[in-house]
Amino acid sequence: TGSGAGSAAGPLRVLVDMDGVLADFEGAVLRGFRARFPGEPRVELAARRGFSVREQYGCLREDLGAKVASVYESPGFFLGLDPIPGALEAMQEMIHMQDTEVFICTSPLRKYEHCIVEKYKWVEKHLGPEFVERIILTRDKTVVSADLLFDDKDTIRGAELNPSWEHVLFTCCHNRHVQLQAPRRRLLSWADDWKAILQSKR
């Protein structure tokens, strides 16, 4: 057994991020940008670098940052995201595992008008009402207590300098090139062995 907090203190608590982990944010941004601004230069998924899509488009040309943001700030964007392959099945399996608590931990946009309600609706549509009860919406994930956090953002900082969770980097187009320092770990996709990662914390 691992040395995780889960072993002594009851069930293993797992936080799963939404965009880039459960819902395909990046694919939808590219499709939406191509449809809305067909003549403009764009960043193909293979060329994505860095967490912020807005920043990278802004580097391509200054006005493109605001244009790409208009795609994901528009009504219907978050509700229309496709599930990441294998994500829904993994979540259903995880919620039924013995001694395991799973929560969806997601940060809303600062322009939250459509984003927040649509995230709730997306979860209800794709995962059902029991997962709606398990949504944690926060701009700061470091203050949430858990054993594991699966997230595609390579660096997660906040008020808590030593979060209780181990951050497992979920591979996404923008973080493929990131070199992790040991003992940091990745989950390459939901086809990768996520169960072994949970087991290592028990």
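The values are calculated or read from the model by the stated rules, or taken from the named source; none is laboratory data. Because the structure is predicted, anything quoted here is derived from the model rather than measured. Ideal geometry is used to build each Cβ from the backbone, glycine not excepted, and the neighbour counts take in all protein chains shown. Protein only, heavy atoms only, side chains kept; ligands, DNA and RNA dropped before computing areas. Shrake-Rupley method; radii C 1.70, N 1.55, O 1.52, S 1.80 Å.
Working only within segment 96-122, note down all residues that are touching a residue at least 40 places away in the same chain (Cβ under 8 Å) and of a type in the set (A, V, I, L, M).
Of everything in segment 96-122, those that are touching a residue at least 40 places away in the same chain (Cβ under 8 Å) and of a type in the set (A, V, I, L, M) turn out to be Met97, Val102, Ile104.
Looking at Val71, Val102, which is the one that is open to solvent by less than 30 Å² (accessible area, probe 1.4 Å), part of a helix (DSSP H, G or I) and within 29 Å of Leu127 (Cα to Cα)?
Within the list Val71, Val102, the selection yields Val71.
In segment 74-99, what residues are assigned to a helix (DSSP H, G or I) and among the aliphatic types (A, V, I, L, M)?
Ala87, Leu88, Ala90, Met91, Met94, Ile95
Looking only at segment 137-149, filter to residues that are open to solvent by 40 Å² or more (accessible area, probe 1.4 Å) and in a loop (DSSP other than H, G, I, E, B); which one of those is farthest from Lys125 (Cα to Cα)? It would help to see each step written out before you state the result.
Narrowing segment 137-149 to residues open to solvent by 40 Å² or more (accessible area, probe 1.4 Å): 137, 139, 143, 145.
Then keep just the ones that are in a loop (DSSP other than H, G, I, E, B); that gives 139, 145.
Values: Arg139: 23, Ser145: 27 Å.
The residue in question is Ser145.
Here's the yes/no breakdown for (1) of a type in the set (Ser, Thr, Tyr); (2) touching a residue at least 12 places away in the same chain (Cβ under 8 Å); (3) surrounded by 15 or more Cβ atoms within 10 Å (Cβ to Cβ):
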residue: Ile135; (1), (2), (3): no, yes, yes
residue: Asp151; (1), (2), (3): no, yes, yes
residue: Asp154; (1), (2), (3): no, yes, yes
residue: Ala159; (1), (2), (3): no, yes, no
residue: Val168; (1), (2), (3): no, yes, yes
residue: Asn175; (1), (2), (3): no, yes, yes
residue: Gln179; (1), (2), (3): no, no, no
residue: Pro183; (1), (2), (3): no, no, no
residue: Leu187; (1), (2), (3): no, yes, yes
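Can you tell me which residue is least open to solvent (accessible area, probe 1.4 Å) among those in segment 22-42 that are of a type in the set (Phe, Trp, Tyr) and within 26 Å of Tyr120 (Cα to Cα)?
So the residue we want is Phe33.
Hey, can you tell me all the residues within segment 147-179 that are over 16 Å from the mean Cα position of the chain (by Cα) and more than 27 Å from Val29 (Cβ to Cβ)?
Residues satisfying the conditions are Asp147, Ala159, Glu160, Leu161, Asn162, Pro163, Ser164.
Look through Asp82, Asp63 and report the one residue that is closer than 21 Å to Thr171 by Cα, of a type in the set (D, E, K, R) and open to solvent by 30 Å² or more (accessible area, probe 1.4 Å).
Checking each option against the conditions leaves just Asp82.
If you check every pair at least six apart or on different chains, which have Cβ atoms under 6 Å apart with a residue in segment 79-95 that is free of Cβ contacts under 8 Å to residues at least 60 places away in the same chain first and a residue that is assigned to a helix (DSSP H, G or I) second?
Matching pairs, first to second residue: Leu79/Glu118; Leu79/Lys121; Leu79/Trp122.
Taking the criterion of being touching a Ser or Thr at 6+ places or on another chain (Cβ under 7 Å) and within 30 Å of Glu130 (Cα to Cα), would at least one residue in segment 89-97 satisfy it?
yes
Condition test on Gly6, is it open to solvent by less than 20 Å² (accessible area, probe 1.4 Å), at pLDDT below 95 and outside any loop (DSSP other than H, G, I, E, B)?
yes
Looking at (1) loosely packed, with under 14 Cβ neighbours inside 10 Å; (2) in contact with a Leu (Cβ under 8 Å, 6 or more places away or on another chain); (3) of a type outside the set (Val, Ile, Thr), which one does Leu88 not meet, given that it meets all the others?
Condition not satisfied by Leu88: (1).
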